[in-house]
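A.B. asks: Structure incoming, see below.
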Ligand code: GLN
């Protein structure tokens with residue numbers, strides 16, 4: 001491509017990187033204080049809405065699911081009407097307004113803000129991800145590494161947000177916290193507007209009849225159909241993975257609070273700090289893991305996206321084995337608590353798994369989805385990951401009766417079984433991709 005590059009990637013990638021980094025900053029920042037604001041008493045110096053825990057958790061569950069469910073109409077809007085680039089712009093505006101409205105201290109403002117954010121994330125998140133893929137040609141070796149870079153941007157935002165927005169919101173004033181999240185989003189939108197010059201060839205609306213190789217308006221070709229089938233099958237592993245991984249905010253969070261000895265080097269680690277660990281690990285090991293997979297490919301070994309996703313799910317499963325070991329320690333130790341190192345190890349393995357699944361899946365979708373459904377399929381992926389979040393919630397509830405040891409062992413067995421199943425069928429499933437997942441050495 002004749003586009004301007006920086007460090008081997010089109011400059012547009014860095015525009016999308018910073019836009020998404022700030023968008024995630026606003027999303028995770030607001031998310032970090034949402035439940036605290038809802039449940040804070042109205043009589044406190046920094047007053048909240050005074051809700052009970054159950055109602056607050058319920059709203060939180062709906063909210064975190066809806067942002068991803070709205071990715072489906074967000075994707076459709078891009079495919080059918082606006083193209084990805086304009087839909088991201090629209091989403092960004094909705095998010096800016098939503099966050100600014102939340103900074104006002106009024107109940108109407110709260111609901112309006114939440115709705116605008118749900119709509120904004122739905123419009124922005126799937127389409128900005130599809131645009132990353134759009135910067136690369138079919139078969140370009142750089143596509144996967146671009147998604148790793150993009151994913152690190154996501155996690156820089158996700159890491160600093162709970163610390164900054166969390167501090168300002170919790171210690172000073174909730175609405176200042178929401179306002180700070182909004183400033184982050186404004187910066188993201190400014191980067192995006194400024195960076196339009198680097199995004200000329202990507203994310204534009206393409207009417208169906210003008211898409212190469214698609215003479216029929218609605219019908220898919222046999223190859224496109226096969227690719228859709230394999231994408232939809234891969235969504236099963238996506239639910240299994242996120243269902244396990246997203247125990248972090250719920251079950252694992254409560255477990256860390258109640259049953260883990262959180263003293264390290266003489267300091268007691270606040271439970272909520274562990275919530276920043278995922279993002280921290282992604283930033284640290286994102287590049288090494290991508291490098292590992294490149295070396296693996298260079299050795300001529302199996303490196304299809306589905307294979308990586310299978311391996312990632314197995315590794316995530318082993319994280320739960322560490323947690324099961326922690327559960328054994330709690331039942332035998334005198335104070336009924338287990339070492340924090342189990343937890344640190346479990347989160348580490350979960351992130352090793354995540355990096356072999358999440359950025360890989362984003363890239364995989366942009367390679368496989370027929371052009372006319374590109375954004376829709378990306379939206380569907382986020383919706384499915386949203387369902388994974390819900391599954392995680394159910395598993396957490398089940399643990400209240402079954403006990404943690406049983407649940408941790410079950411999740412371990414489930415992840416390993418599903419991961420291995422995928423690995424066993426990789427060759428067959430790969431045929432259905434018709435070479436779309438194969439990297440070609442392109443002339444530079
Ligand atoms: N943590 C990632 C993000 O915020 C992935 C989210 C997901 O796929 N559900 O973008």
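Since every read-out is calculated from the coordinates, none of them should be taken as a lab result. Keep in mind that this is a model prediction, so the values were computed, not measured. Cβ: placed from backbone, ideal geometry, glycine included. Neighbour counts: every protein chain shown.
A.B. asks: Could you list 107, 371, 311, 351 so that the one with the fewest beta carbons within 10 Å of its beta carbon is first and the one with the most is last?
C.D. replies: Lowest count first: 107, 371, 311, 351.
A.B. asks: Normalised by the number of residues in the chain, what is the relative contact order in percent for Cα pairs under 8 Å and 6+ residues apart?
C.D. replies: 25 percent
A.B. asks: Sorted from fewest to most neighbouring beta carbons within 10 Å, what does the list 175, 350 look like?
C.D. replies: Fewest-to-most ranking of 175, 350: 175, 350.
A.B. asks: In whole angstrom, how far apart do the alpha carbon centroids of the stretch 337-364 and the stretch 389-407 sit?
C.D. replies: Measuring centre to centre over Cα atoms gives 19 Å.
A.B. asks: Separate question: Place the peptides 181-187, 138-144 in order of packing, highest mean first, counting for every residue the other Cβ atoms within 10 Å and averaging per peptide.
C.D. replies: By packing density, highest mean first, the sequence is 181-187, 138-144.
A.B. asks: Can I ask one more? Anyone know which of 43, 234, 358 comes out most mobile in the 10 Å Cα GNM of the chain?
C.D. replies: Result: 43 has the largest fluctuation of those listed.
A.B. asks: Can you compute the helix-only [θ] at 222 nm over the chain? Use -39500 (n - 2.57) per DSSP H run of at least 4 residues, normalise by all residues, nearest 500 deg cm²/dmol.
C.D. replies: The per-residue figure over the chain is -25000 deg cm²/dmol.
A.B. asks: Given the convex hull of the Cα atoms of the stretch 343-444, what is a quarter of its surface area in nm²?
C.D. replies: Projected over every direction and averaged, the Cα hull of the stretch 343-444 covers 9.1 nm².
A.B. asks: Can I ask one more? Under 10 Å, Cα contacts only: if you run a Gaussian network model on the chain, which one of 307, 320, 292 comes out with the highest mean-square fluctuation?
C.D. replies: Sorting by GNM fluctuation, first place goes to 292.
A.B. asks: Can you put 242, 293 in order of Cβ neighbours within 10 angstrom, beginning with the fewest?
C.D. replies: 293, 242
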